[in-house]
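Reviewing the structure listed below.
Bear in mind that the values in this text are calculations on the coordinates, not laboratory data. As the structure is a computational prediction, the values presented were derived from the model and not from experiment. Note: ideal-geometry Cβ built from the backbone for every residue, glycine included; neighbour counts use all protein chains shown.
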Amino acid sequence: MKDNLFYKKGLNFSCKRCSFCCGHSPGFVYLSHRDLMALCTFFHLSIKEFVETKCRWADYYYGAKVLALTEKKNFDCGLWENGCSAYEARPIQCSTYPFWSWMLEDKQTWDDCAKDCPGMNSGRLWSFEEIEKNKKAYDDNIPLKKEEVEELIRLEENKIN
Ligand code: SF4
Ligand code: SF4
């Protein structure tokens, strides 16, 4: 049964830096416009360079292709280098974990997810407001579609030339 108020009194979470959520199994780290620009600035790369060297296209809803980070052969995130190599500029999908809307659907889902994350249900108490803020940031962080990225690259090239 859905109970979206189960975290009204907050939830405990402190990352134990076990790295499980940055790899180990296939997955996608989707990139929004904000994520892309923050990572390009962080790595001092143009959009074109960043997309060509650190991104791939992921299948999304309604047949869309969206921007996502590359993944290594062992399924680690492409930016994982014994720690997140872009921690300060990491995507919203990463910084809002584990306060993702579908993980907060009900207590059972939250507890099931906690089996893969030793940081959940322990450590710092996050308030309802903090959780809601992260949840909203996650929901609002829409991945960039392939056509949108191509347009950004076109604009960037026009600016340079
Ligand atoms: S799985 Fe949880 S504890 Fe491990 S690195 Fe990710 S957030 Fe931190
Ligand atoms: S961008 Fe950084 S925090 Fe996010 S999955 Fe990759 S290595 Fe982990």
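What the table below lists for this structure:
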{"read-out": "Sole exception among (1) under 30 Å from Arg124 (Cα atoms); (2) within 17 Å of the chain's Cα centre (by Cα) for Tyr7, by number", "value": "(2)"}
{"read-out": "Scope segment 81-112; condition within 12 Å of ligand 1 (Cβ to nearest atom) and over 13 Å from the mean Cα position of the chain (by Cα); matching residues", "value": "Gly83, Met103"}
{"read-out": "Filter result (in a loop (DSSP other than H, G, I, E, B), out of contact with any helix residue (DSSP H, G or I) (no Cβ under 7 Å at 6 or more places or on another chain) and not acidic (Asp, Glu)) within segment 103-128", "value": "Lys115, Pro118, Gly119, Ser127"}
{"read-out": "All positions within segment 113-161 that are more than 16 Å from ligand 1 (Cβ to nearest atom), of a type in the set (S, T, N, Q) and without any contact (Cβ under 8 Å) to a residue 60 or more places away in the chain", "value": "Asn158, Asn161"}
